[in-house]
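Since every read-out is calculated from the coordinates, none of them should be taken as a lab result. Since we're looking at a predicted model, the values are computed, not measured. Heads up, the Cβs are rebuilt from the backbone with ideal geometry, glycines too, and the neighbour counts pull from every protein chain shown.
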Amino acid sequence: MGICKRAFLYMTRKYVRSMLLFILFFAAGLLLMASFAVEEGAGKAAGEFRKMLPAGITIDWRIRMDLDSFVEYSTNEKGESVARMKLPMMKEEYIDDFLAMEGVCGFYRNGNSDQLYTGLDLQPAFETRLYLLSTGELLAETEDDRVYAENMKALKEEDPAQYQEELRSTEAGMHANRFITVYDSKWHPAFVNGAAELTCGRHVQYGDEKKTVISEEVAERNGLKVGDHISARNYDFVTGERYGSPFEMEIVGIFRVNFEQKITSWTFEDDILTNTCFCTWDLDYWSQVEYNTFYQREIIAKESEPNIGRMVLFVEDAAQLDSVKEQLLGFEAIDWDNYEIGVYDEDYQAVAAPLLVMTKLSHIMIAVLSAGTLIILSLVLSLWIRGRRQEMGILASIGMKKRNMLLQLLLESAGMAVLAFLAAACLAGPVSGQIGNQLQAITEASYGNGAYEVDIEQGTQALLVHMQPVKGTAVTYDVSPKQMGVAGLLLVGTAVLSTWISFGQIRRANPREILGRKG
């Protein structure tokens with residue numbers, strides 16, 4: 001009797017064993033194809049987001065432990081402290097060269113953030129509530145508010161001077177804007193990702209001085225328009241005292257905030273995007289001079305050759321990232337050993353987060369299914385081969401070669417794998433859709449609602465506007481012929497490998513040993 005016929009008869013007569021193998025291969029094949037469909041569907045949907053969202057090259061200064069040895073300190077004729085880097089660093093004068101690179105469409109340098117008193121009427125928040133509670137213009141709605149109001153009332157009677165100082169401090173805070181310094185406000189992440197949109201005038205641009213862009217809400221509350229001026233002053237956060245000379249800026253543009261920011265009872269006025277102003281870098285020098293003069297500290301001189309520690313070069317197309325990076329590294333005026341170069345894709349990572357998680361989960365599922373099927377099959381086949389030990393011993397004793405025995409076992413397991421795969425392929429389409437939709441719903445459920453979220457960075461206190469994951473993305477979970485082919489090869493390959501592993505106990509024994517062992 002030939003090997004093929006013997007394998008066929010064994011598969012048809014050992015009905016229970018064959019059905020168990022079929023079910024195992026069927027489930028594994030169906031889940032494999034579904035995993036491939038989820039991986040490709042989620043990957044394609046995420047790829048569409050990548051095309052729509054901005055990408056760029058990040059350049060971040062690598063902090064050195066021996067920094068002081070690379071800095072030369074001196075004092076200028078004004079008595080100001082001057083720090084000059086002895087390393088060939090990235091300087092402001094190189095910006096025009098960067099913008100001239102093929103594929104580069106803009107840049108953003110991480111700016112500083114200052115809280116300054118303007119006296120403007122702002123979107124009310126924490127400081128406004130405290131002020132109104134202190135003056136009795138707002139009735140307490142919570143226990144904390146009631147306690148605060150009673151304490152301020154008692155303070156007013158016991159120490160009027162201290163009460164006035166507390167009142168002046170909260171009054172200053174309720175009229176203090178956040179000022180973010182930028183070279184070009186168009187490329188600030190809040191404008192790049194659509195959280196804010198210029199509606200009137202123009203952006204602050206590289207080379208401007210004493211210019212700012214404010215929000216529609218602040219403009220409407222204060223009757224301001226493009227061409228008007230606003231003044232900012234430093235103030236003591238504890239006493240509310242305003243000090244130093246004012247910094248006057250021209251309003252060159254007005255922007256709209258395209259989402260509703262979540263305002264809690266602990267949100268400060270300057271932590272609200274609508275109360276934020278984007279302004280030119282000359283404000284930084286003015287602010288530190290006024291601050292250090294008032295508190296009798298060392299004044300830092302204005303940089304004659306400003307260094308840039310961190311910046312982003314935005315590209316026209318994400319496909320140009322490698323090309324731009326290559327051009328950048330070819331710029332020999334900079335010692336690139338002092339910088340970390342990466343990819344700016346924060347918006348993409350945020351928006352496509354559920355899809356990227358699904359892609360990772362599908363990779364895990366494919367690996368677990370392949371390994372799990374191999375392990376389970378190896379165990380099951382090892383047990384079954386033990387049950388056929390006598391049969392194989394007899395066949396070996398009458399001269400049947402072990403490779404033929406192995407071939408029979410391979411035909412049995414691989415044949416069942418093929419049958420199960422064909423059956424699974426018929427159901428792969430609808431099942432993949434169901435699994436993909438369920439997995440997408442579960443993944444998206446772990447994310448909150450809203451298009452954007454404002455966050456205050458710990459340490460720097462920088463205001464960051466993050467895009468949030470997009471829910472309900474239409475994803476197609478089709479199983480392509482290529483995916484079916486790969487799943488089929490994995491299934492048959494697993495069947496062959498597990499059979500070969502399980503046959504090891506027979507391969508190493510002679511007929512007498514095979515018959516002599518008890519199964």
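Summing +1 for each Lys or Arg and -1 for each Asp or Glu among the other residues whose beta-carbon sits under 9 angstrom from that of Asn193 gives -2. Computed on the chain, with alpha-carbon pairs under 8 angstrom and 6+ residues apart, the relative contact order is 28 percent.
Against the empirical 2.2 N^0.38 Å scaling, what ratio does the C-alpha Rg of the stretch 273-330 come to? Numbers along the way, then the final one.
Values: Rg = 18.1 Å, N = 58, 2.2 N^0.38 = 10.3 Å.
With N residues counted in the stretch 273-330, Rg over 2.2 N^0.38 Å equals 1.76.
Judged by the ratio a/c of the largest to the smallest principal axis of the C-alpha gyration tensor, the stretch 312-369 counts as prolate, that ratio being 1.5 or greater while a/b is larger than b/c. Restricting the stretch 196-253 to trypsin sites (Lys or Arg not before Pro) that sit in a DSSP loop and have at most 15 other Cβ atoms within 10 Å of their own Cβ leaves Arg202, Lys210, Lys225. Taking a ≥ b ≥ c as the square roots of the eigenvalues of the Cα gyration tensor, an a/c ratio of 1.5 or more together with a/b no larger than b/c marks the stretch 233-349 as oblate. Of the GluC sites (Glu not before Pro) found in the stretch 194-252, the ones in coil according to DSSP and having at most 16 other Cβ atoms within 10 Å of their Cβ are Glu209, Glu241.
Length gained on full extension, Arg17 to Lys51, computed as 0.36 nm times the residue gap minus the Cα-Cα distance: 7.1 nm.
Placing unit charges on each Cβ (+1 for Lys and Arg, -1 for Asp and Glu) gives the stretch 102-150 a dipole about its Cα centre, and among Tyr117, Leu130, Val147 the Cα reaching farthest toward its positive end belongs to Tyr117. State, to one decimal in nm, how far the label point of Ser323 lies from the label point of Gln438, with both points 7 Å from Cα in the Cβ direction. For Ser323 paired with Gln438, the spin-label model returns 4.6 nm. Cα-based radius of gyration for the chain, normalised by 2.2 N^0.38 Å, reads 1.48. Volume per residue of the convex hull around the Cα atoms, evaluated for the stretch 171-226, comes out as 103 Å³. Placing pseudo-labels 7 Å out from each Cα toward the beta carbon at Ala27 and Arg221 gives an inter-label distance of 6.1 nm.
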